[in-house]
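Heads up: the structure comes next, in structure tokens.
The values are calculated or read from the model by the stated rules, or taken from the named source; none is laboratory data. Given the structure is predicted, the values throughout are model-derived calculations rather than measurements. Neighbour counts are summed over all protein chains in view; Cβ atoms, including those assigned to glycine, are modelled from backbone coordinates with ideal geometry.
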């Protein structure tokens with residue numbers, strides 16, 4: 001870990017002035033007290049003040065904070081953290097799923113073939129309670145774009161819910177592992193796969209599809225938690241009736257207003273294969289009964305083949321959680337040019353902006369901006385860069401438009417150099433964490449740019465075709481990853497940690513004033529949530545691309561769990577054993593990761609740490 | 001995955017077992033002679049006119065011809081030609097030869113080209129449209145089918161060419177993958193012309209030539225022009241065989257056979273209606 005020391009000291013001084021920097025407290029903070037210091041607050045509906053020590057969904061809570069109120073492990077003792085249990089998943093592809101802990105059981109879902117392990121935490125070493133094998137169709141592996149990942153399971157009402165790569169959503173009895181229902185939602189023969197974690201709101205399981213570049217039409221589907229029956233499906237493209245846009249739809253900006261924009265912003269018919277898949281994170285605001293999520297990039301055509309805004313790809317939707325009807329939408333990236341999917345997490349926070357408490361959502365976006373938006377209306381309150389961006393020139397807060405930069409527009413046959421961020425964005429799917437104690441969002445992300453060079457003849461299914469030669473490489477500074485502590489009230493980075501590789505793990509924040517994350521060369525790390533100082537690390541057997549989590553064990557003690565197992569888009573060079581001489585492999589990501597094979601090897605393994 | 005243990009669960013690929021058995025038999029019956037190793041070919045089990053598991057494609061026929069010349073047999077490793085094809089077959093050392101790739105293919109070592117084909121415009125004979133140029137003004141109005149790839153910034157060359165001329169609103173994409181649960185999935189774009197779904201399709205020559213011959217509705221194919229859009233968007237491609245990088249011995253051996261059997265290869269390509277452009 002490297003610091004820009006002068007900057008750090010300066011920012012530290014600012015931070016100490018701006019934040020509550022009292023002694024380590026063992027209890028969670030008062031989440032609802034209005035802040036006079038301008039610190040970001042948990043929303044009033046947050047349950048973080050009553051931490052129960054469990055972890056029910058990868059995002060931890062409806063607000064997507066990835067914050068735990070547990071504080072037994074803290075700055076004073078974190079140096080004594082040691083591995084207490086390990087468990088091999090038996091699989092070699094990228095492991096992006098964090099475990100869940102419900103009661104005295106831990107649940108861990110693997111990448112394809114999506115095996116679910118239930119581990120008994122009462123037994124020494126965590127004995128296997130049961131194993132569920134869905135046996136998904138092996139052909140699904142040839143459809144998935146970026147390794148055969150799975151981003152986790154979810155729990156509610158005695159059921160553990162998983163998604164499989166071949167488009168099944170399956171509910172299991174959490175005690176016995178017995179299959180309660182199994183619903184097929186998509187078709188691999190149309191290019192569809194499912195990689196996201198299900199998100200459960202009240203009596204509904206929300207699931208979306210992946211495969212935007214394959215000519216898939218994106219959707220979010222709500223299933224009945226008890227029966228698995230489909231209750232509603234909201235498409236991301238097509239007529240308003242299919243998108244579940246009705247009389248209650250009130251988008252904030254003029255650019256998002258009008259009838260059937262999901263059809264009219266495309267060439268005829270192109271919306272039918274237009275992408276806008278839903279493979280990231282969903283938030284839920286119980287006060288307004290709104291679910292909020294973003295959609296993926298438009299496909300499968302090059303930008304010049306799909307003139308128009310291509311709605312509702314790269315867009316944010318707020319929908320009624322019961323009916324799926326859209327209340328507002330905001331297109332983050334009209335007519336996306338760079339593969340900047342809009343699927344990242346929306347962290348729901350209450351912010352004091354201009355002396356007024358606002359109900360907001362905060363999104364560290366793939367395009368490089370942290371959006372602060374009014375979550376009730378869809379108004380953008382601010383959009384500031386958290387990494388180096390030259391592909392766009394800011395967000396016009398009056399019109400909501402992302403301002404394009406003509407000379408960075410990629411076009412096949414043209415050479416465009418130094419496009420920042422590269423296609424995976426300043427941050428991809430890896431979820432950030434928020435601590436109400438510091439008021440900071442901890443963003444683990446990339447620092448990558450790309451060149452878009454001429455044409456390359458390629459071949460698929462007997463057909464020669466022509467594509468761009470995309471090569472990614474480190475952005476300014478030469479490092480490929482960063483951890484940024486972001487103050488959403490003032491819209492600025494308080495400090496940054498430079499990492500050698502992209503930080504593809506996501507983060508965990510705790511009331512022990514620690515932030516945990518993992519690196520692609522296999523370091524599980526803890527840092528001081530206020531200063532970013534590294535306070536603990538442990539070398540795992542493979543690179544880490546799964547978000548860490550924490551829980552209280554049956555013995556009453558706090559534990560922290562990491563899942564190692566490098567892969568994903570960033571780590572495909574290792575998990576897919578790609579030839580490091582193929583610069584354009586993994587859609588150009590391999591060029592930026594040529595040295596990863598020397599740094600780590602593949603293999604899924606759970607590590608549990610305790611005092 | 002195409003491991004033998006998964007046979008039966010995977011609709012797309014079934015490792016060839018006959019070849020290995022045959023080889024054992026040969027080894028057993030001719031113990032004093034070094035039996036030539038089989039020609040291990042990486043091939044798609046459902047992709048006519050190129051290949052299928054019944055070995056009815058022209059690439060199957062060319063592979064057979066080469067193996068016979070080398071005094072051995074073909075042993076197939078079947079895998080759908082999708083993302084990861086080269087990595088899971090040739091690079092994984094499950095097989096040694098891919099019968100057809102563009103000569104400029106970067107993922108493997110290629111032989112010198114053994115044929116050259118072109119994208120063609122396919123129309124119904126009774127329509128007498130006779131489209132042959134991307135600059136034909138009628139293309140602004142006609143309904144056009146193109147092959148759709150499904151990869152960022154990638155398209156079939158005719159799709160790029162039409163977009164460069166501002167022709168996008170009347171263009172329909174047909175996935176090169178198609179529905180793999182059906183026979184010969186890429187044929188949909190040719191059937192769409194016969195059925196009148198589109199007025200004209202721009203299709204890679206071998207696919208067009210073969211399915212035109214199978215069509216009940218008379219169809220015609222015309223090579224697209226120009227051959228290259230400047231600065232450099234080719235519609236004509238040289239096709240080579242591919243071996244693993246570094247496997248120059250096999251590459252050299254294959255090139256010798258390709259030279260020796262050039263006439264017979266030409267005859268096979270003729271039989272399958274592959275539109276040719278002189279090398």
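Could you check how many residues of the range A:446-457 are at pLDDT 85 or above and at the interface with chain B (Cβ under 7 Å from one of its Cβ atoms)?
Looking only at that region, the number is 0.
Consider the range A:299-324. How many of its residues are under 26 Å from residue A:406 (Cβ atoms) and either assigned to a loop (DSSP other than H, G, I, E, B) or modelled with pLDDT of 95 or more (or both)?
15
Quick check on the range B:226-237: of everything there that is under 21 Å from the mean Cα position of the chain (by Cα) and in contact (Cβ under 8 Å) with a residue 40 or more places away in the chain, which residue is nearest to the other protein chains (Cβ to nearest Cβ)?
Filtering the range B:226-237 for residues that are under 21 Å from the mean Cα position of the chain (by Cα) and in contact (Cβ under 8 Å) with a residue 40 or more places away in the chain, the one nearest to the other protein chains (Cβ to nearest Cβ) comes out as B:237.
So which residues in the range B:54-86 are within 18 Å of the chain's Cα centre (by Cα) and assigned to a helix (DSSP H, G or I), if there are any at all?
Those that are within 18 Å of the chain's Cα centre (by Cα) and assigned to a helix (DSSP H, G or I): B:58, B:59, B:60, B:61, B:62, B:63, B:64, B:65, B:66, B:85, B:86.
Kindly provide the set of residues from the range B:141-163 that are outside any helix (DSSP H, G or I) and within 7 Å of chain A (Cβ to nearest Cβ), ordered by number.
Correct list: B:147, B:148, B:149, B:150, B:151, B:152, B:153, B:154, B:155, B:156.
What's the number of the only condition in (1) buried (at least 24 other Cβ atoms within 10 Å of the Cβ); (2) in contact with a helix residue (DSSP H, G or I) (Cβ under 8 Å, 6 or more places away or on another chain); (3) within 14 Å of chain B (Cβ to nearest Cβ); (4) assigned to a loop (DSSP other than H, G, I, E, B) that residue A:266 fails to meet?
All conditions pass for residue A:266, except number (2).
Within the range B:174-201, track down each residue that is part of a loop (DSSP other than H, G, I, E, B), buried (at least 17 other Cβ atoms within 10 Å of the Cβ) and either in contact with a strand residue (DSSP E or B) (Cβ under 6 Å, 6 or more places away or on another chain) or at pLDDT below 85 (or both).
Listed by number, the residues that qualify are B:176, B:177, B:178, B:180, B:184, B:198.
So how many residues does the range B:98-125 have that are more than 10 Å from chain A (Cβ to nearest Cβ) and without any contact (Cβ under 8 Å) to a residue 40 or more places away in the chain?
Count: 0.
Restrict the check to the range A:532-543 and report whether at least one residue is within 14 Å of another protein chain (Cβ to nearest Cβ) and either outside any strand (DSSP E or B) or modelled with pLDDT of 95 or more (or both).
No, the conditions are met nowhere in the range A:532-543.
Hey, can you tell me all the residues within the range A:183-203 that are within 22 Å of the chain's Cα centre (by Cα), in a strand (DSSP E or B) and away from chain B (no Cβ under 14 Å)?
A:199, A:200, A:201
Could you tell me which of the residues A:98, A:113, A:138, A:124 is under 23 Å from residue A:541 (Cα atoms) and touching a helix residue (DSSP H, G or I) at 6+ places or on another chain (Cβ under 9 Å)?
Being under 23 Å from residue A:541 (Cα atoms) and touching a helix residue (DSSP H, G or I) at 6+ places or on another chain (Cβ under 9 Å) holds for just one of A:98, A:113, A:138, A:124, which is A:113.
Among the candidates B:149, B:167, B:144, which residue alone is under 16 Å from the mean Cα position of the chain (by Cα) and crowded, with 17+ Cβ neighbours inside 10 Å?
B:149
How many of the residues in the range A:209-229 are in a strand (DSSP E or B) and either closer than 22 Å to residue A:273 by Cα or within 14 Å of chain B (Cβ to nearest Cβ) (or both)?
Adding up the residues that qualify gives 6.
Surrounded by fewer than 22 Cβ atoms within 10 Å (Cβ to Cβ), within 14 Å of chain A (Cβ to nearest Cβ), modelled with pLDDT of 95 or more and over 27 Å from residue A:270 (Cβ atoms), is that true of residue B:206?
In short, no.
For the list (1) surrounded by 24 or more Cβ atoms within 10 Å (Cβ to Cβ); (2) assigned to a strand (DSSP E or B); (3) modelled with pLDDT of 95 or more, I need the number of the one condition that residue A:468 fails.
(3)
Does the range A:46-91 hold any residues that are part of a loop (DSSP other than H, G, I, E, B), crowded, with 18+ Cβ neighbours inside 10 Å and modelled with pLDDT under 95, and which are they?
A:46
Please determine, by comparing only the residues of the range A:106-135 that are outside any strand (DSSP E or B) and in contact with a strand residue (DSSP E or B) (Cβ under 7 Å, 6 or more places away or on another chain), which one is surrounded by the fewest Cβ atoms within 10 Å (Cβ to Cβ).
If we take residues in the range A:106-135 being outside any strand (DSSP E or B) and in contact with a strand residue (DSSP E or B) (Cβ under 7 Å, 6 or more places away or on another chain), then A:125 is surrounded by the fewest Cβ atoms within 10 Å (Cβ to Cβ).
Among the residues of the range A:269-282 satisfying the criterion of being part of a loop (DSSP other than H, G, I, E, B) and modelled with pLDDT of 95 or more, which is farthest from the other protein chains (Cβ to nearest Cβ)?
Restricting to residues being part of a loop (DSSP other than H, G, I, E, B) and modelled with pLDDT of 95 or more, the top hit is A:281.
Checking the condition within 18 Å of the chain's Cα centre (by Cα), in a helix (DSSP H, G or I) and within 14 Å of chain A (Cβ to nearest Cβ), which residue from B:269, B:258 passes?
After applying the criteria, what remains is B:269.
Would you please name the residue that is nearest to residue A:520 (Cα to Cα), looking only at residues in the range A:471-484 that are surrounded by 19 or more Cβ atoms within 10 Å (Cβ to Cβ) and in contact with a helix residue (DSSP H, G or I) (Cβ under 8 Å, 6 or more places away or on another chain)?
Across the range A:471-484, the extreme among qualifying residues is A:480.
For the range A:325-345, check the following and say yes or no: at least one residue is surrounded by fewer than 18 Cβ atoms within 10 Å (Cβ to Cβ), modelled with pLDDT of 95 or more and either on the phi < 0 side of the Ramachandran plot or in contact with a helix residue (DSSP H, G or I) (Cβ under 9 Å, 6 or more places away or on another chain) (or both).
Yes - at least one qualifying residue is present in the range A:325-345.
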